[in-house]
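Below is one structure, written out as structure tokens; comments come after it.
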Amino acid sequence: MSGTRGAVLSQKNKDGTVERVFVSHDNVQKNLKMVHFCRTLFSIIAGLVAGIMGLTNIAGFVCYFFMMGMTSLSLVLRTNCQPSAYFITTSKVTYDGIGSGLMTFVLFWTLFYDIVHIYG
């Protein structure tokens, strides 16, 4: 017999009352997979943009962090500005996966820079 894996979290409201919320681990995992997919996709897009535009040095990394900021903003807006309803902590939406997407960005950045500006 399979059951829903979950936990009960307690949150303190502004008026001092304690609210208990049931969190399904399966749903949180699915949401985190979607965040990881979005970050990977936008890392590839940022690499394409930086490479095709010919950005070098700091300008390329500024492009990446700008794109990751826009991704975080779009994910927060997608959750109706309440990411705590879909994730255990809000930092999972805003910061999780930025470092791992950096290698993907550098790969596509250098690839498309080479294709367009060196070999093109």
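The values are calculated or read from the model by the stated rules, or taken from the named source; none is laboratory data. Not measured: the values here are computed from a predicted model. Positions of Cβ are generated from backbone atoms using ideal geometry, with glycine treated the same way; all protein chains shown enter the neighbour counts. Protein only, heavy atoms only, side chains kept; ligands, DNA and RNA dropped before computing areas. Shrake-Rupley method; radii C 1.70, N 1.55, O 1.52, S 1.80 Å.
List the DSSP H helices in the chain whose Cα atoms stretch 27 Å or more along the helix axis and whose mean Kyte-Doolittle hydropathy is at least 1.0. Before the final figure, lay out the partial values.
Values: long enough: 25-53 (41 Å, 0.62); 58-78 (30 Å, 1.61).
For the chain, where a helix must reach 27 Å along its axis and average at least 1.0, the hits are 58-78.
Can you put F112, F61 in order of accessible area, largest first, using a 1.4 Å probe?
On the way: F112 55, F61 75 Å².
These residues rank, largest area first, as F61, F112.
Within the chain, what whole-number % of the accessible surface is contributed by carbon and sulfur, with the 1.4 Å probe and all protein chains included in the calculation? Walk me through the intermediate numbers first.
Numbers: 5280 of 8300 Å².
Here carbon and sulfur together make up 64 percent of the probe-accessible area.
Per the helix-only calculation at 222 nm, which mean residue ellipticity applies to the chain, given -39500 (n - 2.57) for every DSSP H run of n ≥ 4 and division by its residues, nearest 500 deg cm²/dmol? Don't skip to the answer; put the middle values down first.
Working: 4 runs with 70 residues, N = 120.
Helix contribution divided over all residues of the chain: -19500 deg cm²/dmol.
May I ask you to give the solvent-accessible area per residue for the chain, in square angstrom, as obtained with a 1.4 angstrom probe?
Values: 8300 Å² over 120 residues.
With all protein chains present, the chain gives 69 Å² per residue.
For region 66-98, which chymotrypsin sites (Phe, Trp or Tyr not before Pro) pass both filters: DSSP loop (anything but H, G, I, E, B) and at most 12 other C-beta atoms within 10 Å?
Y95
Once you sort the root eigenvalues of the Cα gyration tensor of the chain as a ≥ b ≥ c, which label holds: rounded (a/c under 1.5), prolate (a/b larger than b/c) or oblate (the other case)?
Prolate.
Exposed loop trypsin sites (Lys or Arg not before Pro) only (DSSP loop, at most 15 other Cβ atoms within 10 Å): please give the longest stretch of the chain free of them, not including the sites. Don't skip to the end; give the middle numbers.
Details: sites that count: R5, K14.
Longest gap between qualifying sites, sites excluded: 15-120.
What is the dipole size for the chain, taken about its Cα centre, with +1 at each Lys and Arg Cβ and -1 at each Asp and Glu Cβ, in debye to the nearest 20?
Numbers: 9 positive and 5 negative charges, 74 e Å.
With only Lys, Arg, Asp and Glu charged at Cβ, the dipole is about 360 debye.
Residue by residue through region 82-96, which ³J(HN,Hα) values in whole Hz follow from phi under the Karplus form 6.51 cos²θ - 1.76 cosθ + 1.60 (θ = phi - 60°), with glycine and proline marked x?
9, x, 5, 6, 10, 9, 5, 10, 6, 5, 5, 7, 7, 10, 5
Please list the non-local residues whose amide H lies under 5 Å from the amide H of I88, H modeled 1.01 Å from N, same-chain partners needing a gap of 5 or more.
none
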